[in-house]
Amino acid sequence: DIYKALKLTAGQVACIPFNSEDKITGFIELINKTGDHGYFSENDTIMITSIASQISRGIENYRLKEEKIKADRLSAIGNMMSTIVHDLRTPMNNIYGFVDLMLDEDDRDTREEYAEIVNDQIKLLNNMTTDVLDFAKGKTTILPVKHPVDKLVKNFAKLFEEDIKRKGYKFEWSVDTASMIYIDPEKISRVFMNIMKNALEAMEKGGTFRLQAGEAADMIVFNLSDTGSGIPEEIRERLFDSFVTSGKEGGTGLGLAIVKKVIDDHKGQIEVESETGKGTTFKISIPRLK
Ligand SMILES: Nc1ncnc2c1ncn2[C@@H]1O[C@H](COP(=O)(O)OP(=O)(O)OP(=O)(O)O)[C@@H](O)[C@H]1O
Ligand SMILES: [Mg+2]
């Protein structure tokens, strides 16, 4: 029909397929060679086949590139989702915990205090979901405000002290500065949260988690230490990389990658000292506001 429409009479037809992964994805069709009485020679076929194979390779490369772009995009979304889901669990557990406490609490003032915490944690969940949307829109990830160091540490302690003690660990905290810092308090609390979670996972019952804040030159320094097993030698070099995990079931290996990202966003530094069987200390420094 095509020949008819083009008003062509086919003499000889050369048809060469394009292959991709053993499937024919297209073909070149040549008809009616001019000269040579309309016939394609052996050499013509070799030439056309070679052109077809170049085109096939081009198509194949394009397809692979498209697939790679798609896979990269999926894995970026996957990474982000695991980060968010990872951190959403903590406020959710806090809400469960404090609602439980409220149910058993007769004192009205204490109940109110718990209700406030639940309220804050719901706000936190809400903000974290906003983070996801901001990330998807490519917006910046931290919202720094001028914040007193002692308030940061006290609020954190208030939120977790009871829970840690109930789980059978000791919790000590101290603030040795009246300075302010320029931080996103929710994000820094998430940093403390992730480091504390690791610390508790590395300790036997009776171990001590310590959070200290102080000053050194123009920095505020937070020391978060535990008396646990120490960081396994084989992962110390890659500790802050994503998906590096060791010795726990269900560990995603994202906790410390998130920590590093948030500290970098604050132009801060994080160092770690760890001794097998003795414990671990994370030292975080963030520029102080004068
Ligand atoms: N305080 C610590 N004491 C001993 N080992 C630690 C400590 N902190 C981290 N680690 C080690 O570093 C690894 C990486 O920690 P990270 O928080 O990034 O991931 P994870 O804890 O394995 O997973 P997730 O945070 O999702 O539960 C842990 O698996 C653990 O082996
Ligand atoms: Mg962790």
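Pop out the carbon and sulfur fraction of the accessible area of segment 42-86 as a percent, whole number, probe 1.4 Å. Let's see the in-between values first.
Details: 2190 of 3380 Å².
Of the solvent-accessible surface of segment 42-86, carbon and sulfur hold 65 percent.
Can you tell me the dipole magnitude for segment 2-67 around its Cα centre, using point charges on the Cβ only (Lys, Arg +1; Asp, Glu -1), in Debye to the nearest 20? Don't jump to the answer; show the numbers that get you there.
Working: 7 positive and 9 negative charges, 62 e Å.
With only Lys, Arg, Asp and Glu charged at Cβ, the dipole is about 300 debye.
Indicate the gyration tensor shape class of the chain (rounded, prolate or oblate), computed on the Cα atoms with a ≥ b ≥ c the square roots of the eigenvalues: a/c under 1.5 is rounded; otherwise a/b larger than b/c is prolate and the rest oblate. List each step's numbers first, then the result.
Values: a/c = 3.41, a/b = 2.96, b/c = 1.15.
In terms of gyration-tensor shape, prolate.
Counting only protein heavy atoms and using a 1.4 Å probe, what share of the accessible area of segment 142-289 belongs to carbon plus sulfur, as a whole percent? Show your work: numbers first, answer last.
Numbers: 3670 of 7460 Å².
Solvent-exposed carbon and sulfur of segment 142-289 make up 49 percent of the total.
Over segment 77-225, give the accessible area per residue in Å² for a 1.4 Å probe, as an integer.
Details: 8120 Å² over 149 residues.
For segment 77-225, the per-residue accessible area is 55 Å².
What shape does segment 223-290 take by its C-alpha gyration tensor, where a ≥ b ≥ c are the square roots of the eigenvalues and a/c under 1.5 counts as rounded, a/b above b/c as prolate, and the rest as oblate?
Working: a/c = 2.54, a/b = 1.42, b/c = 1.78.
Oblate is the answer for segment 223-290, as a/c is 1.5 or above yet b/c matches or exceeds a/b.
Between Ala76 and Ala14, what is the label-to-label distance in nm when each label sits 7 Å out along the Cα-to-Cβ direction?
Spacing of the two 7 Å Cα→Cβ label points: 4.5 nm.
Tally Lys/Arg at +1 and Asp/Glu at -1 over every other residue whose Cβ is under 12 Å from the Cβ of Asp176; what's the total?
Details: positive: none; negative: Asp150, Glu215.
Value of the local net charge: -2.
Round to the nearest 10 and give me the degree value, 0 to 90, for the angle of helix 149-166's Cα axis relative to the longest principal axis of the chain.
The two axes meet at around 90 degrees.
Ordered by packing density, taken as the mean number of other Cβ atoms within 10 Å over each peptide's residues, highest first, how do 103-110, 213-220 rank?
Values: 103-110: 9.1, 213-220: 15.1.
For the peptides 103-110, 213-220, the packing ranking is 213-220, 103-110.
Name the shape class, rounded, prolate or oblate, that the alpha-carbon gyration tensor gives for segment 152-290, where a ≥ b ≥ c are the square roots of its eigenvalues, rounded holds for a/c under 1.5, and otherwise prolate holds if a/b is larger than b/c and oblate otherwise.
oblate
Out of Val191, Leu64, Val118, whose Cα points farthest toward the positive end of the dipole of the chain (charges: +1 Lys, Arg; -1 Asp, Glu; placed on Cβ)?
The Cα lying farthest towards the positive end belongs to Leu64.
Between beta-carbons, use under 11 Å as the cut-off and find the net charge around Asn93, counting Lys and Arg +1, Asp and Glu -1. Write out the running numbers ahead of the final one.
Working: positive: Arg89, Lys197; negative: Asp100, Asp163.
Result for the neighbourhood of Asn93: 0.
Among Ser53, Pro17, His37, whose Cα sits farthest toward the positive end of the charge dipole of segment 2-67 (+1 at Cβ of Lys/Arg, -1 at Cβ of Asp/Glu, about the Cα centre)?
His37
Compactness ratio of segment 169-214: Cα Rg over 2.2 N^0.38 Å, N = residue count?
Working: Rg = 12.4 Å, N = 46, 2.2 N^0.38 = 9.4 Å.
Computed over Cα atoms of segment 169-214, the ratio equals 1.31.
Around Asp106, what is the net charge, scoring Lys/Arg as +1 and Asp/Glu as -1 over all other residues with Cβ under 14 Å from its Cβ? Walk me through the numbers before you get to the answer.
Values: positive: Arg108, Arg111; negative: Asp104, Glu105, Asp107, Asp109, Glu112, Glu113.
Combined, the nearby Lys, Arg, Asp and Glu give -4.
The values are calculated or read from the model by the stated rules, or taken from the named source; none is laboratory data. Predicted, not measured: the structure shown is a model, and the values here were computed from it. Cβ atoms come from the backbone with ideal geometry, glycine included; neighbour counts cover every protein chain shown. For accessibility, only protein heavy atoms count, side chains too; no ligands or nucleic acids. Shrake-Rupley method; radii C 1.70, N 1.55, O 1.52, S 1.80 Å.
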